[in-house]
Amino acid sequence: MQHVEDTASSLTDHGSVAAKTIAFGRRDQANSTGMYELQLPPPQILNSLIDIYFARVHNQPYSFFHQGSFRQSLEDGSVPRCLMFAILAIAVRFSNDPVFIGRTYEASDAYSRRSWLYVIEDHLATDDNSDLAFIQTVALLAIIDYTAGKVSPGWLRLGLAIRLSQDLHLTSEPPPLLSNVKREEHRRTFWSIYLLDKLMSCARSKPAALLDQDCTVQLPCNETTFRNMEHKETPTLQQMMSWDSGIEEPPSFFSLTIATSSIFARCTRYARGQTNADCLPPWHPRSEFTSTNASLLFIESYLKRGSNSILNIITEGVPGDDSFDVAQIGHLILAHAVFHLCHCLLNHPFLMRLRLRPVAAKAPARFASDSFKLCQEHARKLTDILEAAAESKLFIKSSFYSHCAAISAGVHCLASSAQQHGVETNQYDARNYFEKSMNALEKLAVIWPMVTEMIKKLTEFDTTSGAYASLFDVKCLGDNLDHLTENTLWTLIDYGLLARETPEKSPGPTSYLSNLPSPSTWNYPMHDFAPSADLCNTENQMLFMDVGGSQSGY
């Protein structure tokens, strides 16, 4: 395996002259092919990006490394080059360094491509797949691709990370001969991949791959224990979610995020109609709807932290706890957000109508009415959390908050249209909450490229939302939704469709588009995107030149 100190080795970028790229002011000698390599940045920029990673990416919500141990490995030159470039690729999105201004997406793309080429050369081409850093790299690249709107490549790399983690037996306890830090890094790497699997699988065609019953490794310890390199026994996920487990000590905030994500995965499966109890109406005591609500009630008891609400914790912190920083509170905030998101999906008027369609004539009006009210109530609470987090001193910018904001914005948009058309809804300013959710998306769009697509779709939907005002009307439960309407509404819920780059040309026939009450640009091809361009395109060639156009050394 080649490490950071070996990055000047002979892996070249073949292609046009545009492949002769200079990275961050550094130009290496050309090899025999006349091509130049993308190199690591100068030390001051490299160290700045590492600082940014641990300040802005680590624990939001994915936790792969012990910071002290990683920095020691960096100093020793033992960080694998594929991992280093993956970390730079995601950290650069948060950088304010002048060399990256206006070019962060290009830099991120260049770094992630280089990381993937090193993955191929150092691991996939040599069958060297038994390395934790390799798995961490692939998982980071999945995040980078997905959040850039490259949904299919991100999804495929997540699948690879899952299989690699299973091959390395990360689903069970690590060997006792490993140090406390290494064992906890094994656990946290697996649970981060687990989170990715659950959070990225909220789409009709992308079911989660990891089964809870197969995950016997214990849950992550609290952040203080991890930082101090200590060991602490923690329950497994199944033990934590058991009503009679007898767990006395509160689980770590990371564990809370994992548990709520487990329930979230059940909600998405239920939304897709892929549950064993789906033949039962949702009000039936043995239905999946009832069972999932029971799990949410159970996890709610964990989420309550004394008498302080999550909004107070975000704005004021925990009284008497000066060490309560973003690395710890980030998981708690996300757990609350996912909790409310679960209720939004379970009670969403569109998804509820799909579930009630076979029994609409027998559905109790009170049940549907209460369900719609719960959806609006939790959408408001979700928006309040996002707004408080955005305005706090904490840096809460997890990419998954974009999906939370998009779902809440869709609910508020539908509720606002219903209010304008005289349909009974909760008495709140739905329009104002819609704007708040869109503002949250605008702030996230600065960092995550996919959010721009979400904003575009929601803005277009808002202009035609009046056509869907009856979704909140319990008297219209039996009304049929045509195929195009269903597809439009699925686009507001499906994480993959929301994040996917919109094709420049719609493949749909003109005759269909002329009567659509929804945006015509949302027709996506079913095949994966075409392969990306060469590693270093013409834009990247100019990426790290100074303002005069010359390529500076250091």
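The values are calculated or read from the model by the stated rules, or taken from the named source; none is laboratory data. Bear in mind that the values here come from a model prediction, so they are computed numbers and not experimental data. Virtual Cβ from ideal backbone geometry, glycine too; neighbours counted across all protein chains shown. For accessibility, only protein heavy atoms count, side chains too; no ligands or nucleic acids. Shrake-Rupley method; radii C 1.70, N 1.55, O 1.52, S 1.80 Å.
Numerical summary
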| quantity | calculated |
| --- | --- |
| Distant-in-sequence amide H partners of G149 (H built 1.01 Å from N, under 5 Å) | M450 |
| Label-point separation, S78 to A365 (7 Å along Cα→Cβ), nm | 7.1 |
| Efficiency of FRET between I101 and E442 - r from beta-carbon atoms, R0 22 angstrom, step 0.05 | 0.70 |
| Integer Hz, Karplus 6.51/-1.76/1.60 couplings in order for segment 377-391, x for Gly and Pro | 4, 6, 5, 5, 5, 5, 5, 4, 5, 4, 5, 5, 5, 5, 8 |
| 5 angstrom amide H check on I447, placed H, neighbours 5+ away | none |
| Karplus-derived HN-Hα couplings along segment 67-72 (A = 6.51, B = -1.76, C = 1.60, θ = phi - 60°), whole Hz, x at Gly and Pro | 4, x, 5, 5, 5, 5 |
| Computed lengthening from E501 to N180, 0.36 nm per intervening residue step minus Cα-Cα distance | 111.3 nm |
| Computed lengthening from Q166 to E233, 0.36 nm per intervening residue step minus Cα-Cα distance | 21.9 nm |
| Listed residues C476, C279, C344 arranged by accessible area, highest first, probe 1.4 Å | C279, C476, C344 |
| Test item: Cα-centred dipole of segment 327-434, Lys/Arg +1 and Asp/Glu -1 on Cβ, debye | 380 |
| Listed residues H340, H421, H284 arranged by accessible area, highest first, probe 1.4 Å | H421, H284, H340 |
| Gain in span if fully extended, F395 to Q213, counting 0.36 nm per residue against the direct Cα distance | 62.1 nm |
| Accessible heavy-atom area order of W191, W155, W490, W243, highest first, probe of 1.4 Å | W243, W155, W490, W191 |
| Residue-level accessible surface for E249, protein heavy atoms, 1.4 Å, Å² | 100 |
| Among S73, V119, I143 - extreme Cα towards positive end, dipole of segment 53-179, charges at beta-carbon | I143 |
| Segment 124-218, accessible surface, carbon-and-sulfur percent (1.4 angstrom probe) | 54 |
| Cα centre as origin, Lys/Arg/Asp/Glu Cβ charges: segment 68-197 dipole, Debye | 340 |
| Spin-label model distance (nm) - E486 vs L156, 7 Å beyond Cα toward Cβ | 2.9 |
| Listed residue pairs exceeding 21 Å between alpha carbons, taken from K198/K397; K150/K182; K182/K206; K182/K304; K198/K456 | K150/K182; K182/K206; K182/K304; K198/K456 |
| Rounded to the nearest 10 Å², the accessible area of Y433 at probe 1.4 Å | 40 |
| Exposure of F264 as accessible area (Å², to 10), given a probe of 1.4 Å and all protein chains | 0 |
| Spin-label model distance (nm) - T463 vs E435, 7 Å beyond Cα toward Cβ | 2.0 |
| Phi-based couplings in Hz for segment 171-177 (Karplus 6.51, -1.76, 1.60; Gly and Pro marked x) | 6, 10, 4, x, x, x, 6 |
